[in-house]
Amino acid sequence: MKQRLLIVEPSELIIMGLKSILDGQIRFKILEPEVNADKLEERLLAARPDIVVINPTLLHNTSVAKLRSEHSVAMVALVYQYVEHDLLKQYDSVVDIRDSRAVIIETLAQAVPSDDKSGKNNYELTKRETAVLVQLAQGKTNKEIADSLNVSIHTVITHRKNITHKTGIKSVAGLTVYAMLNNLVDESSLLQA
């Protein structure tokens, strides 16, 4: 089933670029975009999207958590200018305009939890999350990981948040042990780092 995606963004250029990236993706149905957030709640009730990709500077006094819970929608911040880190932590995911097409698609695809009730696939790390975990276990900073994977720091932070959510492990030391126990890294690669 296609995930219904609503873009809330004032720039037609950004809207057209994002639509172009998502064009032909069988997992998304792009709804008619909104240019501002003034009537966002009404639009959420009418359109019932699964994912809202929004410029976070548009939500002045609106609580992201309130929108997420009241409308059962995944909130994804669309970033192309400086936004306070604390503000971005309220979102399920962050898409940075500098991210590659593949990273944007993967981030949006993972914004909505899987409908799989077996619990088996809900906690598996993606390839990109595994790559971030390995480098994290090797002691690399968010910036070093972002540079090596050619993604933004916001994307690395989102992957780290997803890793923590899926594994239930919050500390770098705990994630390093997790990586070792799952044969993602070995002791010799950690000693070289």
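Say we look at the stretch 33-59 and pick out the residues that are in contact (Cβ under 8 Å) with a residue 12 or more places away in the chain and loosely packed, with under 13 Cβ neighbours inside 10 Å; which of these is farthest from the chain's Cα centre (by Cα)?
45
Look through 94, 103 and report the one residue that is within 19 Å of residue 22 (Cα to Cα) and surrounded by fewer than 21 Cβ atoms within 10 Å (Cβ to Cβ).
Details: 94 fails: surrounded by fewer than 21 Cβ atoms within 10 Å (Cβ to Cβ).
Selected residue: 103, the only one of 94, 103 that is within 19 Å of residue 22 (Cα to Cα) and surrounded by fewer than 21 Cβ atoms within 10 Å (Cβ to Cβ).
Take the residues in the stretch 1-22 that are more than 21 Å from residue 81 (Cα to Cα) and in contact with a strand residue (DSSP E or B) (Cβ under 8 Å, 6 or more places away or on another chain), then tell me which one is surrounded by the fewest Cβ atoms within 10 Å (Cβ to Cβ).
2
Which pairs do you get when a residue that is assigned by TED's automatic domain parsing to the domain that holds residue 52, found in the stretch 78-89, comes within reach of a residue that is of a type in the set (A, V, I, L, M, F, W, C) and assigned to a loop (DSSP other than H, G, I, E, B), reach meaning Cβ atoms under 7 angstrom, with the pair 6+ apart or on two chains?
Pairs found: 79/97; 80/97.
Cβ-Cβ distance below 6 Å, separation of 6 or more or different chains: which pairs start in the stretch 165-184 with a residue that is within 18 Å of residue 93 (Cα to Cα) and touching a residue at least 40 places away in the same chain (Cβ under 8 Å) and end on one that is surrounded by 13 or more Cβ atoms within 10 Å (Cβ to Cβ) and not polar (S, T, N, Q)?
If the second residue must be surrounded by 13 or more Cβ atoms within 10 Å (Cβ to Cβ) and not polar (S, T, N, Q), the pairs left are 167/178.
The values are calculated or read from the model by the stated rules, or taken from the named source; none is laboratory data. Just so it is clear, the model here is predicted, and its values are computed rather than measured. All Cβ positions, even for glycine, are placed from backbone atoms using ideal geometry, and neighbour counts span all protein chains on display.
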